[in-house]
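The values are calculated or read from the model by the stated rules, or taken from the named source; none is laboratory data. Treat the numbers as computed from the prediction; the structure is a model and nothing was measured. FYI the Cβ positions are ideal-geometry reconstructions off the backbone, even for glycines, and counts take in every protein chain you see.
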Amino acid sequence: MPYFYLYDTFTSERAHAGTLVRIENALTDLGIQGRVGRLTILKSAKDLIDSAIKDGADTVVAVGNDITISKAAAALAGKKPDVALGIIPVGDKEQSVARLLGIPIGVLACHVLSSRIIEAIDLGRVNNQYFIRSVAVSGTPEVECDDRFSLAFNRPHQIKICNLDLWELNGETKMSNPKNQLLETVLTPLPHKGFLGFGKKPEPGSQLVMESCRITSPGNSLPVVVDGERVLKTPVTIKVANARLKVIVGKKRLI
């Protein structure tokens with residue numbers, strides 16, 4: 001099983017040097033060491049992963065955080081169905097995907113990788129791009145859901161459309177199910193600004209489930225944040241992708 005390890009740029013920081021040494025030693029001890037590729041300005045995840053698969057890799061391991069995983073998942077979408085995504089989280093920030101998939105941070109993730117428990121999960125698609133976590137837009141857009149009904153807002157909301165993510169709704173932490181071919185849509189009123197918001201309690205949010213939606217904003221384009229990193233502009237069409245992704249997960253996964 002040829003492994004390819006995709007290192008994010010931030011992993012080269014001095015603070016992570018000791019962790020990477022321990023990870024690489026553990027991978028060698030477990031017999032799952034492999035070729036390494038490092039993201040740079042000139043080398044994208046897609047370029048590195050395409051090259052690795054061409055050379056025979058059947059496991060691509062994202063070494064980094066949620067953003068690293070997003071880049072790897074988008075690059076793997078629609079590729080050979082037998083290629084699996086592994087994850088080694090590095091650093092404490094932006095590790096929600098690892099938490100949901102039951103993968104510990106640092107060297108212990110190597111043992112999860114070696115155990116090779118595989119789940120097939122959904123991916124989302126926004127226009128011609130894939131996402132693994134969620135898409136978010138704030139303002140007063142119009143949302144057409146499943147070609148059946150539409151939502152309009154008379155005041156600003158955050159609209160978050162989730163495939164594999166966590167969110168807070170009315171004081172409760174919730175999570176989406178990335179295996180049911182549906183997207184969880186969370187509608188949260190944004191606080192009033194200035195005097196109008198003084199002394200007011202937050203208004204309750206709501207959620208609904210859909211297969212697809214189209215978000216428009218007549219008059220002005222709104223930024224659409226994909227997986228907490230990429231930014232598109234309305235209008236966008238969002239749906240569950242036809243492609244699924246094989247992911248190596250831990251025994252303590254939440255999905």
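Observations, loosely collected:
- For A26: the one exception among (1) over 13 Å from G86 (Cα atoms); (2) assigned to a strand (DSSP E or B); (3) among the hydrophobic types (A, V, I, L, M, F, W, C); (4) touching a residue at least 60 places away in the same chain (Cβ under 8 Å): (2)
- Cβ separations smaller than 6 Å between residues 6+ apart or across chains give the following pairs from the range 124-145 residues that are under 25 Å from I255 (Cβ atoms) to residues that are crowded, with 20+ Cβ neighbours inside 10 Å and hydroxyl-bearing (S, T, Y): I132/S70.
- Selected residue (criterion: surrounded by the fewest Cβ atoms within 10 Å (Cβ to Cβ)) from residues of the range 40-89 that are of a type in the set (S, T, N, Q), within 19 Å of the chain's Cα centre (by Cα) and farther than 19 Å from V135 by Cβ: S44
The rows are residues; the columns are (1) in a strand (DSSP E or B); (2) at pLDDT below 95.
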{"residue": "K179", "(1), (2)": "no, no"}
{"residue": "L187", "(1), (2)": "yes, no"}
{"residue": "F195", "(1), (2)": "no, yes"}
{"residue": "P204", "(1), (2)": "no, yes"}
{"residue": "R214", "(1), (2)": "yes, no"}
{"residue": "L232", "(1), (2)": "yes, no"}
{"residue": "N242", "(1), (2)": "yes, yes"}
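- Test: residue in the range 12-21 that is outside the structural domain of V231 (by TED's automatic domain parsing) and touching a strand residue (DSSP E or B) at 6+ places or on another chain (Cβ under 6 Å): no
- Within the set T19, T40, the sole residue that is among the hydroxyl-bearing types (S, T, Y), touching a residue at least 12 places away in the same chain (Cβ under 8 Å) and part of a loop (DSSP other than H, G, I, E, B) turns out to be T40.
- The criterion of at least 2 residues that are under 16 Å from V231 (Cα atoms) and aromatic (F, W, Y) is met, among strands (runs of 3 or more DSSP E) falling completely within the range 123-176, by 129-131.
- Checking each residue in the range 65-95 for being assigned to a helix (DSSP H, G or I) and out of contact with any Phe, Trp or Tyr (no Cβ under 6 Å at 6 or more places or on another chain) picks out D66, I67, T68, I69, S70, K71, A72, A73, A75, L76.
- Options K71, K80: the member that is at pLDDT 95 or above, touching a helix residue (DSSP H, G or I) at 6+ places or on another chain (Cβ under 9 Å) and among the basic types (K, R): K71
- Within the range 216-230, the set of residues being outside any strand (DSSP E or B) and over 20 Å from the mean Cα position of the chain (by Cα) comprises S217, P218, G219, N220, S221, L222.
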